[in-house]
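S.K.: Okay, handing you the structure first.
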Amino acid sequence: MALTVGLRPLTRALLRPWARVPGAALGRPAAGSGDGVRCFGSPRVLVEPDPAAVGVAVMKMRNPPVNSLSLEFLTELLISLEKLENDKTFRGIIITSDCPGIFSAGLDLLEMYGRDPAHCAEYWKAVQELWLRVYLSNLVVIGAINGISPAGGCLLSLSCDYRVLANNPKYAIGLNETLLGIIAPFWFKDVLVNTIGHRAAERALQLGFLFPPSDALQVGIVDQVVPEDQVQSTARSVMAQWLAIPDHARQLTKNLVRKPTADRLLQQRDADIQNFVRFISRDSIQKSLHVYLEKLKQKKG
Ligand SMILES: CC/C=C\C/C=C\C/C=C/CCC/C=C/C(=O)SCCNC(=O)CCNC(=O)[C@H](O)C(C)(C)COP(=O)(O)OP(=O)(O)OC[C@H]1O[C@@H](n2cnc3c(N)ncnc32)[C@H](O)[C@@H]1OP(=O)(O)O
């Protein structure tokens, strides 16, 4: 899937061979990777082969303070995912967070507030790309959700094949866009409907539900809820179960199930980008984003 077509110089520069990142070349321990484990990645994404599971990589999101999906962060995630897809030694990825208490705060609001249409278009293209890359990945992708996961963070989780959520009442998950005065795009909606059903999705989307773990399990937005210190080990054991299936058969089946949903976006990516730019540029929407960003600041007292 072409990554750099139509992206501006900034993003193409970020997509340059990731090995440019000091100490993060495949085979050399990246800064802070501790015991020399062979890993790679970039400033905001650390990818470590799982020492206890052959063919499994753990992708740690580390864009403090809240793993908000900025353009740079999206680009680094895309680069890491592409490298894993192209490295045939890997069959599965566990996606998790290195930011305490937060899986991902979703799309970076500052990429959509006060930005020109060209930037919004570039940003939305990267958001589309991340979803398509995860949702259609040939790898087994398991979300080890160790923090709160609103909106874009929920979409990332829903795009995994399986979701393990830590049993901490603060770690709510959901597509809460209406609480911000915006809406979830059709492909966010489609993934939620596919996961929890039409009526539950309709209600959750309109009310901007953020489901605490027990409710998230009950409605089906996550597959398992476990004590916080068992999230990674549970993700690893589920991965082993999924990797026991022959890759080719599993990949063809995943594609059979997911391609119709992905095609709805693939067939209208440019129109979706234009719709997003028109929508997000509305004065009323910019005002909503401003009010929401102010609320976040006031919350800190
Ligand atoms: C007709 C329609 C046609 C077409 C429509 C087509 C498309 C429309 C599509 C529009 C876009 C929709 C899709 C949007 C998806 C999204 O993801 S929007 C983002 C949603 N995210 C949230 O609501 C989460 C907001 N954040 C929080 O609730 C909290 O920060 C937290 C619970 C995640 C963490 O709380 P704390 O630990 O207390 O941390 P703080 O709140 O103090 O935050 C620290 C710091 O980070 C900043 N920040 C937090 N979240 C974001 C974010 N998402 N983006 C940018 N920045 C964020 C926060 O402001 C603080 O900043 P500082 O004050 O420290 O500078």
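A short reminder: the numbers here are calculations on the coordinates, not readings from a lab. It should be emphasised that the depicted structure is a prediction, and the values quoted were computed from it without experimental measurement. All Cβ positions, even for glycine, are placed from backbone atoms using ideal geometry, and neighbour counts span all protein chains on display.
S.K.: Output the residue which, of all residues in the stretch 103-121 that are buried (at least 19 other Cβ atoms within 10 Å of the Cβ) and among the charged types (D, E, K, R), is nearest to residue 194 (Cα to Cα).
M.R.: Ranking the candidates gives 108 first.
S.K.: Then there's this: Are any of the residues in the stretch 214-224 on the phi > 0 side of the Ramachandran plot and either touching a residue at least 60 places away in the same chain (Cβ under 8 Å) or buried (at least 22 other Cβ atoms within 10 Å of the Cβ) (or both)? Full working, then the answer.
M.R.: First, pick out the residues of the stretch 214-224 that are on the phi > 0 side of the Ramachandran plot: 220.
Next, from what is left, pick out any that are either touching a residue at least 60 places away in the same chain (Cβ under 8 Å) or buried (at least 22 other Cβ atoms within 10 Å of the Cβ) (or both): none.
No: the stretch 214-224 contains no residue that is on the phi > 0 side of the Ramachandran plot and either touching a residue at least 60 places away in the same chain (Cβ under 8 Å) or buried (at least 22 other Cβ atoms within 10 Å of the Cβ) (or both).
S.K.: Filter the stretch 131-148 down to the residues that are within 17 Å of residue 73 (Cα to Cα) and away from the ligand (no atom under 12 Å from the Cβ) and list them by number.
M.R.: Answer for the stretch 131-148, where residues must be within 17 Å of residue 73 (Cα to Cα) and away from the ligand (no atom under 12 Å from the Cβ): 132, 133, 134.
S.K.: Taking the stretch 78-102, which residues are among the small types (Gly, Ala, Ser), closer than 17 Å to residue 154 by Cα and buried (at least 20 other Cβ atoms within 10 Å of the Cβ)? Full working, then the answer.
M.R.: To start, the set of residues in the stretch 78-102 that are among the small types (Gly, Ala, Ser) comprises 80, 92, 97, 101.
Add one more test, that the residue is closer than 17 Å to residue 154 by Cα, and what stays is 97, 101.
Residue satisfying the conditions is 97 alone.
S.K.: When you scan the stretch 69-94, how many residues do you find that are in contact (Cβ under 8 Å) with a residue 40 or more places away in the chain, of a type in the set (A, V, I, L, M, F, W, C) and within 16 Å of the ligand (Cβ to nearest atom)?
M.R.: 4
S.K.: Any idea which residue in the stretch 172-185 is farthest from the ligand (Cβ to nearest atom), counting only those that are touching a helix residue (DSSP H, G or I) at 6+ places or on another chain (Cβ under 7 Å) and hydrophobic (A, V, I, L, M, F, W, C)?
M.R.: 173
S.K.: I'd like to verify a number: residues in the stretch 100-130 that are within 7 Å of the ligand (Cβ to nearest atom) and within 18 Å of residue 61 (Cβ to Cβ), how many?
M.R.: Step one: of the stretch 100-130, the residues within 7 Å of the ligand (Cβ to nearest atom) are 101-102, 105-110, 112.
Imposing the further condition that a residue be within 18 Å of residue 61 (Cβ to Cβ) reduces the set to 101-102, 105-110.
The total comes to 8.
S.K.: Find the residue count for the stretch 162-174, including only residues that are out of contact with any Asp or Glu (no Cβ under 6 Å at 6 or more places or on another chain) and either farther than 18 Å from residue 218 by Cα or among the basic types (Lys, Arg) (or both).
M.R.: Filtering the stretch 162-174 down to residues out of contact with any Asp or Glu (no Cβ under 6 Å at 6 or more places or on another chain) leaves 164-165, 167, 169-174.
Now drop any that are not either farther than 18 Å from residue 218 by Cα or among the basic types (Lys, Arg) (or both), which leaves 170.
Number of matching residues: 1.
S.K.: Out of 201, 216, 235, report the one residue that is within 16 Å of the ligand (Cβ to nearest atom), small (Gly, Ala, Ser) and touching a strand residue (DSSP E or B) at 6+ places or on another chain (Cβ under 6 Å).
M.R.: On the way: 201 fails: touching a strand residue (DSSP E or B) at 6+ places or on another chain (Cβ under 6 Å); 235 fails: within 16 Å of the ligand (Cβ to nearest atom).
Being within 16 Å of the ligand (Cβ to nearest atom), small (Gly, Ala, Ser) and touching a strand residue (DSSP E or B) at 6+ places or on another chain (Cβ under 6 Å) holds for just one of 201, 216, 235, which is 216.
S.K.: Could you check how many residues of the stretch 208-250 are of a type in the set (A, V, I, L, M), farther than 25 Å from residue 152 by Cα and assigned to a loop (DSSP other than H, G, I, E, B)?
M.R.: 2
S.K.: Within the stretch 136-146, work out how many residues are crowded, with 23+ Cβ neighbours inside 10 Å and touching a residue at least 60 places away in the same chain (Cβ under 8 Å).
M.R.: So the count comes out to 6.
S.K.: To continue, here is another question. Among (1) away from the ligand (no atom under 16 Å from the Cβ); (2) in contact with a helix residue (DSSP H, G or I) (Cβ under 8 Å, 6 or more places away or on another chain); (3) more than 29 Å from residue 57 (Cα to Cα), where does residue 285 come up short?
M.R.: (1)
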